[in-house]
Amino acid sequence: MIVRPDVSVIVPCYNADRYLSVCMESLRAQRAPEAEFLLIDDGSTDATGAMLDAFARQEPRARVTHTRNAGVSAARNLGLTMAQGRYIAFVDADDALEEESLIRLHQLAVRSGAQITSANHTLFDMTRGRRVPVNIEPVVQQPLEIAREIIHMHRIYNNLWNKLYDRELFEGGMTLDEDVRIGEDALLNLRLYLRARHVEHLQESTYVYRVHRHSAMATISGYSEAHQPMLRGMNRILLEEGVKELYFRDYLQSCVWIDEKEKGIRACMRGFNDGIRPLALDGIDPSRIPQKDARLYRLVARGGFPAFYLAARVWEKLTGRRWGIRR
């Protein structure tokens, strides 16, 4: 009798032969629940494909698919079409699961009925051989509040890995945007959390994020420009879900923070009205702006935000108190 897996683990793999063995061994060590490992070779030109095939010959839970190179989002989307499990998990080929990761996430999901179950993770600096726990900041476990944290690029909620998703959340063609290369996982999570009715967080580390010089975030150049497709995608999602006004302040802040991080405060504000302002105001219904954000909206709409922001940052420096949008 064929047993349907409890969890489908999707692992996109591209030229990962130097890191893959640790990932595969961490998969092998997962003894429960019933799982299938969907290993997607995204057109690798190194030994990745051969390593995956060898692993599948020894590990009956593994299924390998070789495809042309189309990017990590396409590989994950392919995995979603193949998944048979009640729950979906994602693992990156250069990372690893802690022992019993899947069973701990699965038990909490089943016990609580959560549609998304997340957990803390550990950073492992491969150059220094050092582990650093990453614990979640206190967040109300409400999907709409977590969506706000995703807009703020939260270091746990933005990532697809280290979570268990109820597969019903993906019904209706919920997939990753293959045209977005940076922040594509945050966009999918934003949609999924806005859709979810119940979420839980496990205050344990179940995932090891391995930092090395080939990591995607370590090779970004042109930080602001690289993140613009993500910001446009976020804008589209908020409009489609009818919640952009609710998150106006949060979305504005992320647009500013990303630009300011690369260019500095003054250069960011010099280009604000021509660059960030049209995106922040796109599709906004002023009558739906929350009262607490009405003054901020008027400042942006009338072009007065840059002068206000510069003055607010000076005030922050003098008083040590933030004026209201987090960074």
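Candidate cross-link partners of Lys292 among the lysines, defined by an alpha-carbon separation under 22 Å and a same-chain spacing of 8 or more, comprise Lys244.
Placing +1 at every Lys and Arg Cβ and -1 at every Asp and Glu Cβ, with all other atoms neutral, what dipole size does the chain have around its Cα centre, in debye to the nearest 20? Spell out each step's value before the answer.
Values: 45 positive and 43 negative charges, 279 e Å.
Around 1340 debye, computed over the chain.
With R₀ fixed at 30 Å, the C-beta to C-beta distance from Gln142 to Arg68 puts the FRET efficiency at about 0.15. Candidate cross-link partners of Lys263 among the aspartates and glutamates, defined by an alpha-carbon separation under 19 Å and a same-chain spacing of 8 or more, comprise Glu225, Asp274. Under 5 Å from the amide H of Val211 lie the amide H atoms of Phe124, Asp125, Met126, each residue being 5 or more positions distant or on a separate chain, with H modelled from the backbone and absent for Pro and chain starts.
Rounded to the nearest 20, the size of the Cβ-charge dipole of the stretch 246-319 about its Cα centre is 280 debye, with Lys and Arg at +1 and Asp and Glu at -1. Tell me, how many Å apart are the Cα centres for the stretch 258-327 and for the stretch 141-187? The stretch 258-327 and the stretch 141-187 have Cα centres separated by 25 Å.
Short to long, the 10 Å bins of the Cα pair-distance histogram for the stretch 256-327 hold 18, 52, 28, 3 percent of all pairs. Just to confirm the number: angle between the C-alpha axis of helix 223-240 and the first principal axis of the chain, 0 to 90 degrees, nearest 10? It works out to around 90 degrees.
Between the residues Tyr14, Leu231, Ala56, the greatest Cα displacement towards the positive end of the dipole of the chain, with unit charges on the Cβ of Lys, Arg, Asp and Glu, is found for Leu231.
Per residue of the chain, what 222 nm ellipticity follows from adding -39500 (n - 2.57) for every DSSP H run with n ≥ 4, rounded to the nearest 500?
Working: 12 runs with 133 residues, N = 327.
Counting only the DSSP helices, I get -12500 deg cm²/dmol.
Ranked by the mean number of other Cβ atoms within 10 Å per residue, highest first, peptides 229-237, 8-16 order as 8-16, 229-237.
Any read-out appearing in this document is the output of simple, stated calculations on the displayed coordinates, not a laboratory observation. Predicted model, so just to flag it, every value in this text is computed and none were measured. Quick reminder, even Gly has a Cβ in these numbers, built from the backbone with ideal geometry, and neighbours come from all protein chains shown.
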